[in-house]
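Engineer: Take this structure, written in structure tokens, and hold onto it; I'll ask about it next.
The values are calculated or read from the model by the stated rules, or taken from the named source; none is laboratory data. What you see is a predicted model; the values in this text were computed from it and never measured. Here Cβ is always computed from backbone atoms with ideal geometry, including for glycine, and neighbour counts include all displayed protein chains.
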Amino acid sequence: MIAHQVEAVVLRTWPIHEADQIVSLFTRDFGKIKGVAKSAARSRRRFGGALEPMTHVRAHYAEKPSQELVRLDSFEILHSPLAEPVDYARATALAFFAEVLEQTLPDHDPHDVVFRLLLSVLEQTRVDHIWMPITYFALWTTRLMGWLPDLSRCLFCGTSLAGQPAYFHFFSDGLVCVEHKQMGDNSAHGATLTPDSQVLAVRIFRSPASAFAAESWPRSRAADLMIAATAASHALPVYTANPDDFAGAEGFVELVPVAGRPSDL
């Protein structure tokens with residue numbers, strides 16, 4: 001067996017047998033791995049409190065080259081998400097990070113840049129402050145995975161998009177200018193990227209997450225725009241008591257204003 005001691009973040013766990021658990025780990029040195037933590041539910045000395053998703057740990061494990069699952073021996077907590085207050089929104093944000101990495105990262109493929117990205121957004125994800133790290137993580141992950149198109153020029157003519165709205169179709173490969181809007185904006189399956197959003201994307205790619213910590217990121221607007229994008233992808237209307245929160249989204253989703261406060265709906 002080969003023994004390892006690595007820095008890692010817990011992504012998910014699955015119970016097996018009575019007290020054992022399968023653990024998915026994102027390690028700095030070896031990428032995503034899975035292993036068996038024997039008697040994890042009973043051993044507070046070896047794993048106590050360290051198996052919560054998004055816990056930053058130093059993992060001790062052993063592996064055999066012919067086995068898919070490693071043997072997890074013990075975890076040392078470097079930072080726990082439970083060390084700070086947790087509400088529903090923060091728990092959901094942490095689950096979002098874990099699910100994205102679990103589904104997108106290949107096994108045994110080191111991604112040090114993604115690891116550092118994860119640590120930076122975990123540091124910024126606090127109660128009443130989740131939308132900035134979520135946006136930062138989503139944009140950077142899309143870029144690092146090779147899925148982000150060129151945000152600066154029209155897909156068809158190469159015209160610079162600086163200072164003007166850009167348009168895209170959910171099934172196309174990039175942004176287009178106003179002259180080619182009909183090729184990138186198709187009713188419920190199209191959307192608009194405002195000049196402010198383009199500037200923000202450039203800032204995100206040039207600055208660490210901590211540089212945005214003091215900026216205002218309204219929860220309602222960010223949440224509603226995510227709802228709008230989801231509704232548009234399924235060609236569904238959005239019913240809202242706060243239509244102003246959807247400013248700029250009217251071109252790609254049907255808004256249906258309703259009376260009453262959000263808490264009444």
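Engineer: Within region 86-114, track down each residue that is of a type in the set (Gly, Ala, Ser) and without any contact (Cβ under 8 Å) to a residue 24 or more places away in the chain.
Structural biologist: So the first thing to find is which residues in region 86-114 are of a type in the set (Gly, Ala, Ser), and the list is 89, 91, 93, 95, 98.
Answer for region 86-114, where residues must be of a type in the set (Gly, Ala, Ser) and without any contact (Cβ under 8 Å) to a residue 24 or more places away in the chain: just Ala91.
Engineer: Something else now. Is one or more of the residues making up region 123-145 assigned to a strand (DSSP E or B), of a type outside the set (A, V, I, L, M, F, W, C), on the phi < 0 side of the Ramachandran plot and not assigned by TED's automatic domain parsing to the domain that holds Ser197?
Structural biologist: Quick first cut of region 123-145, residues assigned to a strand (DSSP E or B) only: 126, 129.
Right, trim to of a type outside the set (A, V, I, L, M, F, W, C) and you get 126, 129.
If we keep only those that are on the phi < 0 side of the Ramachandran plot too, we end up with 126, 129.
Filter again for not assigned by TED's automatic domain parsing to the domain that holds Ser197, leaving 126, 129.
Scanning region 123-145, I find at least one residue that is assigned to a strand (DSSP E or B), of a type outside the set (A, V, I, L, M, F, W, C), on the phi < 0 side of the Ramachandran plot and not assigned by TED's automatic domain parsing to the domain that holds Ser197, so the answer is yes.
Engineer: Identify, please: which residue in region 160-177 is in contact with a strand residue (DSSP E or B) (Cβ under 8 Å, 6 or more places away or on another chain) and surrounded by fewer than 16 Cβ atoms within 10 Å (Cβ to Cβ) and is, among those, modelled with the highest pLDDT? It would help to see each step written out before you state the result.
Structural biologist: Here is the first cut: in region 160-177, the residues in contact with a strand residue (DSSP E or B) (Cβ under 8 Å, 6 or more places away or on another chain) are 160-161, 165-170, 174-177.
In the following step, the residues that additionally are surrounded by fewer than 16 Cβ atoms within 10 Å (Cβ to Cβ) were identified as 160, 170.
Values: Ser160: 92, Phe170: 66.
By that ranking, first place goes to Ser160.
Engineer: Another question, if that's okay. Is there any pair with a first residue in region 40-59 that is more than 19 Å from Phe97 (Cβ to Cβ) and a second that is of a type in the set (A, V, I, L, M, F, W, C) and in a loop (DSSP other than H, G, I, E, B) whose Cβ atoms are under 8 Å apart and which are 6 or more apart or on different chains, and what are they?
Structural biologist: What qualifies is Ala40/Ala19; Ala40/Leu51; Ala41/Ala19; Arg42/Ala19; Arg46/Ala40; Phe47/Ala40.
Engineer: For region 43-66, give me the residue count where each residue is within 26 Å of Arg116 (Cβ to Cβ), more than 25 Å from the chain's Cα centre (by Cα) and surrounded by fewer than 22 Cβ atoms within 10 Å (Cβ to Cβ).
Structural biologist: Pass one, region 43-66, residues within 26 Å of Arg116 (Cβ to Cβ): 47, 49-61, 63.
The next check asks that each one be more than 25 Å from the chain's Cα centre (by Cα); those that pass are 47, 60-61, 63.
If we keep only those that are surrounded by fewer than 22 Cβ atoms within 10 Å (Cβ to Cβ) as well, we get 60, 63.
Number of matching residues: 2.
Engineer: Every residue in region 104-125 that is under 24 Å from Ala89 (Cβ atoms) and at pLDDT 95 or above, please. Full working, then the answer.
Structural biologist: Initially, region 104-125 is screened for residues under 24 Å from Ala89 (Cβ atoms), giving 104, 114, 117-125.
Passing the criteria: Val114, Leu117, Leu118, Leu119, Ser120, Val121, Leu122, Glu123, Gln124, Thr125.
Each row is one residue, and each column tells you yes or no for (1) in contact with a strand residue (DSSP E or B) (Cβ under 9 Å, 6 or more places away or on another chain); (2) among the polar types (S, T, N, Q); (3) on the phi > 0 side of the Ramachandran plot; (4) in a strand (DSSP E or B).
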| residue | (1), (2), (3), (4) |
| --- | --- |
| Arg71 | yes, no, no, yes |
| Glu76 | yes, no, no, yes |
| Pro85 | yes, no, no, no |
| Ala91 | no, no, no, no |
| Leu94 | no, no, no, no |
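Engineer: Okay, moving on. When you check Ala98 against the structure, is it closer than 27 Å to Ala138 by Cβ, outside any loop (DSSP other than H, G, I, E, B) and touching a helix residue (DSSP H, G or I) at 6+ places or on another chain (Cβ under 6 Å), yes or no?
Structural biologist: Numbers: closer than 27 Å to Ala138 by Cβ: yes; outside any loop (DSSP other than H, G, I, E, B): yes; touching a helix residue (DSSP H, G or I) at 6+ places or on another chain (Cβ under 6 Å): no.
So Ala98 does not fit the description; no.
Engineer: State all residues of region 17-42 that are assigned to a loop (DSSP other than H, G, I, E, B) and either buried (at least 21 other Cβ atoms within 10 Å of the Cβ) or touching a strand residue (DSSP E or B) at 6+ places or on another chain (Cβ under 8 Å) (or both); if no residue qualifies, say none. Steps first, answer last, please.
Structural biologist: Of all residues in region 17-42, those assigned to a loop (DSSP other than H, G, I, E, B) come to 17-19, 28-30, 38-42.
Arg28, Asp29, Phe30, Lys38, Ser39, Ala40, Ala41 - these are the residues of region 17-42 that are assigned to a loop (DSSP other than H, G, I, E, B) and either buried (at least 21 other Cβ atoms within 10 Å of the Cβ) or touching a strand residue (DSSP E or B) at 6+ places or on another chain (Cβ under 8 Å) (or both).
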